[in-house]
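The next block holds one structure in the form of structure tokens; read it before the comments.
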């Protein structure tokens, strides 16, 4: 719970800073930060229950969803590159991370 | 161990099959990765940091040093490609043999500079904790003064890094500092989360906002040197590459000998050593001789491998430069998440990386230097321990930092140099009325 409070305080500080800057006339590019935030947060939330491959796919999808503009092929290619890079590195360095959902695990 | 036998020991460490393979492959990989758009040198090094956990300390630093030199030469090769040379071989043939000689000269200078590390290290080894504290404080003052940023902002960036390094349990007493009674982050902010967050999140976010000032700053920070024009353009590009290699070595020198990183590359290498329990500084050569001497030998071999690869693979490298960075950036972000998560298999650390990344993105928007923040974070631990030990030795007398002649001299030298640097900068601004702050060199990248 206290972790959430800390994160909420940080988020509040960021929002206040953004508002102050906006009032001064120099706006912050909020959308890119939100998109990256969503992507990383989704990875963090899903990596344990769903495994690395699914978490990577979800993370990349979240990163690309705001900037699709009809380039589905590019999105699919970036997903493929991302998953291959992540899985290859995990297997190469022998990281103790499960790639697939652990069915039946809590 | 004298210097010659130290180097012999370093080459013996490097010639172990795994280390030699890592050195050659990393130098080659660095050269290739420098051509990928959206993947700057600082990003590649930060990404490699967590995966060094799986390797022993010498292999890990050899990998990262070779990668850093490969990236440096790769950026040089990218500059050559942009000025119209289809490969370094053609460039050398068109303007023989000056560019190659200049570049090899840069490589030799790089090896010579890093070879000074044992000497500086020995000189600093006689320092007591009070002198080490004075030295670190003097360097921090100098770094703030030499920053192209305004003095208050540069000081605030360093101070933020120092504060972040204080989070977690105090080493001697076990008291938790700045923890707000949370159970998270018992050992403070993980170095991997900080480095990856601060370096990567703003880079990926900037891709979505190419027209903004932040993106321009990021791109300016990671772009290869500008293509020179005129008859000596190839020689100029080679000179830039050679100087960059020598500069990289120069940045490793204070990190290895004194434990004070000035650049991202030095910070990441210092972080790797720290993660493996070999804290950079005057004692590194005696406490972790394999890592210390192996790194020095790796600098020599990585320079050689990178130059040979650069000459041989010009056409392949030009193909890599055509890849769209929108394809690589998501993979880079996911690798950063994986790297942070893999340290403790803790999703919370990924969130910490994200929070620090957002913080860094805002700093970048405000024109702060992220390099100073990382520098403050990395020297925060040694500074904390040094102050503690110096005060214990002096029975709590804080005047010990001023009453010891060498410590006082170091502090005075730092302050005097900082004043000189600042006055020089101010006079330069007045004599160059058209110059803007964006035109001045930055630590970023």
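Being buried (at least 24 other Cβ atoms within 10 Å of the Cβ) and either out of contact with any strand residue (DSSP E or B) (no Cβ under 7 Å at 6 or more places or on another chain) or modelled with pLDDT under 80 (or both) holds for only one residue in B:351, B:307, and it is B:307.
Let me spell it out: the conditions are (1) surrounded by 22 or more Cβ atoms within 10 Å (Cβ to Cβ); (2) in contact (Cβ under 8 Å) with a residue 60 or more places away in the chain, and residue B:71 meets all of them except one. Which number is the exception? Only one criterion in (1) surrounded by 22 or more Cβ atoms within 10 Å (Cβ to Cβ); (2) in contact (Cβ under 8 Å) with a residue 60 or more places away in the chain is unmet by residue B:71, namely (2). When each of B:130, B:138, B:145 is tested for being farther than 22 Å from residue B:398 by Cα and in a helix (DSSP H, G or I), the lone residue that passes is B:145.
Under the condition of being modelled with pLDDT of 85 or more and under 12 Å from the mean Cα position of the chain (by Cα), which residue from segment A:57-91 is farthest from residue A:38 (Cα to Cα)? Across segment A:57-91, the extreme among qualifying residues is A:57.
Hey, any hits in segment B:261-275 for a residue that's modelled with pLDDT under 75, assigned to a helix (DSSP H, G or I) and surrounded by 20 or more Cβ atoms within 10 Å (Cβ to Cβ)? The answer is yes, given that some residue of segment B:261-275 is modelled with pLDDT under 75, assigned to a helix (DSSP H, G or I) and surrounded by 20 or more Cβ atoms within 10 Å (Cβ to Cβ). Among the residues examined, residue B:360 does not qualify as assigned to a helix (DSSP H, G or I), crowded, with 21+ Cβ neighbours inside 10 Å, more than 10 Å from chain A (Cβ to nearest Cβ) and over 19 Å from the mean Cα position of the chain (by Cα).
Taking the condition out of contact with any helix residue (DSSP H, G or I) (no Cβ under 6 Å at 6 or more places or on another chain) and closer than 28 Å to residue B:262 by Cβ, does residue B:403 pass? Outline the logic, then answer.
Values: out of contact with any helix residue (DSSP H, G or I) (no Cβ under 6 Å at 6 or more places or on another chain): yes; closer than 28 Å to residue B:262 by Cβ: no.
For residue B:403, the condition - out of contact with any helix residue (DSSP H, G or I) (no Cβ under 6 Å at 6 or more places or on another chain) and closer than 28 Å to residue B:262 by Cβ - is not met.
Just one of the listed residues (B:196, B:151) is within 27 Å of residue B:422 (Cα to Cα) and either at pLDDT below 85 or within 14 Å of another protein chain (Cβ to nearest Cβ) (or both), namely B:151. Here B:378, B:335 are screened, and the one residue that is within 14 Å of chain A (Cβ to nearest Cβ) and within 25 Å of the chain's Cα centre (by Cα) is B:335.
The values are calculated or read from the model by the stated rules, or taken from the named source; none is laboratory data. What you see is a predicted model, and the numbers here were worked out from it, not measured in a lab. We place every Cβ from the backbone using ideal geometry, glycine too, and count neighbours over all the protein chains shown.
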